[in-house]
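Before any comments, here is the structure.
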Amino acid sequence: MAAGLLWLPPLAAAVQANTSPYRRPKLKITDVRTAEVRGHGYQLHVRIYTDQGIVGHGEGTDAVQGGVPLVNGFRRFLVGQDPLNVDSLFERIRTAGIFAGAQAGQYVSALTAVEIALWDLAGKAVGLPVYQLLGGKMRDRVRIYCDSQTNSPDDPTAKQKIQQITDLGFTAVKIDIDDARDPMRWDPVNWTASNAEIDNMMRKIAFMRESLPKRTDLAVDMHGRYDMTTGKRVAKEAEPFKLLFLEEPVPAENVDAMRDVRESTTTPICCGENLFLRHGFRELLEKRAADIIMPDIQKCGGLLESRKIADMAHTYYVPVAPHCVVSPIGTMASCHVCAAIPNFLVLEWHWIQRLELWRNFVKEGDIIQKGFVTLPERPGLGVEMNEEAARKAQVPGTPWFEPTKERA
Ligand code: MG
């Protein structure tokens, strides 16, 4: 709260200047800086600076290794521009990169971090929480599921971990059942699961189902590794457990295969953490290949793009359960989208061994309370990085929001 007050007076002055009928003087982007962090996975943090002291902060993930040169390349579309034209800046950078990979992967993930920073900045500039700029909120709090990193009756600490998750108040839990080191796996490359492997998978699901309260939902992830035979068999055998969803039982790049699995079972199939932009989700939805989609909001194109993907899914009556493995900054950014879309189901939070890193990463402390995130009323994303805590996870040898040196 005290930290928030420190930047409020200059912010208020900027808002005054920017909300006059003619918006004079306009905000102008002056710099774009980056930092790289290793939390659960690899994250790229982007800060966008303006001539009026307002700074926006965004986060991208997974496909962002090597994203810093890309963000530096985006500078020519950003510096000198009005940051409030978020979608226009996004579209210009996206279409400028069609020969540089702007359909997916690193390019879109790096652009995502920029887009989220622009929304944070826009919210701060007009004095509104980001969800307000995305159409307003449908709900005051966002339901979070815990990706538990616990699943085995053979793990002596499992019961204790499950109790901890239950005590934290989560109403939904996810487990992984793909296991490259299963001793009953007979080939190091091929992913056709043996009968014994499938029995092991069902044993894990049964153990978790019995260990969790009956009203807690259980989701299961197969990480898109297995072949069609295995995907169909697991989905079928899991039917009695009434899963919240089965995630990527087959690789996601063949939409027809995903649809075949979906049509073979009553287990809801969830897919999409490695799809990008609306274009990546179009075929999945048109072919009715997933019951639930799971865009990664820090990767697939950002906040407005995720809203557009969710809206497209809504026309097919498909709910959205976003993938999320980022810091509280990115997680809160996801929450603003989740609050604004009608078809939100549940948002991921991945268990992290360094719980202290999660709890101290932003000045506001742990944003998840009793399994939910309450949307802040503060301008922008509503969370500010705690530099001291966050830097403990800095990728060694990488810059920490250092001013960009202009090339001669
Ligand atoms: Mg997954």
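The values are calculated or read from the model by the stated rules, or taken from the named source; none is laboratory data. Owing to the predicted nature of the structure, the values given are computational and were not obtained by experimental measurement. FYI the Cβ positions are ideal-geometry reconstructions off the backbone, even for glycines, and counts take in every protein chain you see. Note: accessible area is taken over every heavy atom of the protein model, side chains too, but ligands, DNA and RNA are not part of it. Shrake-Rupley method; radii C 1.70, N 1.55, O 1.52, S 1.80 Å.
Starting from the Kirkwood radius over alpha-carbon pairs of the chain, derive D by Stokes-Einstein at 10 °C in a medium of 1.306 mPa s and give it in µm² s⁻¹. The calculation lands on 72 µm²/s. Among the chymotrypsin sites (Phe, Trp or Tyr not before Pro) found in the range 184-223, those both in a DSSP coil and sparsely packed, with 15 or fewer other Cβ atoms within 10 Å of their Cβ, are Trp186.
State the percent of C-alpha pairs, over all pairs in the range 52-109, separated by a distance greater than 15 angstrom. Summing the P(r) of the range 52-109 above 15 Å gives 52 percent of all pairs. Determine the share of the chain's accessible area contributed by carbon and sulfur atoms, expressed in whole percent, with a 1.4 angstrom probe. Of all accessible area on the chain, carbon and sulfur atoms account for 52 percent.
Size descriptor for the range 22-128, Kirkwood hydrodynamic radius: 13.7 Å (Cα pairs only, one decimal). The trypsin sites (Lys or Arg not before Pro) of the range 185-226 meeting both criteria, a DSSP state outside H, G, I, E and B (loop) and at most 11 other C-beta atoms within 10 angstrom of the site's C-beta, are Lys214, Arg215. The count of lysine pairs in the range 113-241 with alpha-carbon distances below 28 Å, taking only pairs 8 or more places apart or on different chains, stands at 18.
Each Cα pair under 8 Å and six or more residues apart adds its sequence gap; the mean of these over the residue count of the chain is a relative contact order of 20 percent. Roughly how far apart, in whole Å, are the Cα centres of the range 253-304 and the range 68-118? Between the Cα centre of the range 253-304 and that of the range 68-118, the gap is 24 Å.
Sparse packing (at most 13 other Cβ atoms within 10 Å of the Cβ) combined with a DSSP loop state is found for the following GluC sites (Glu not before Pro) in the range 305-408: Glu377, Glu406.
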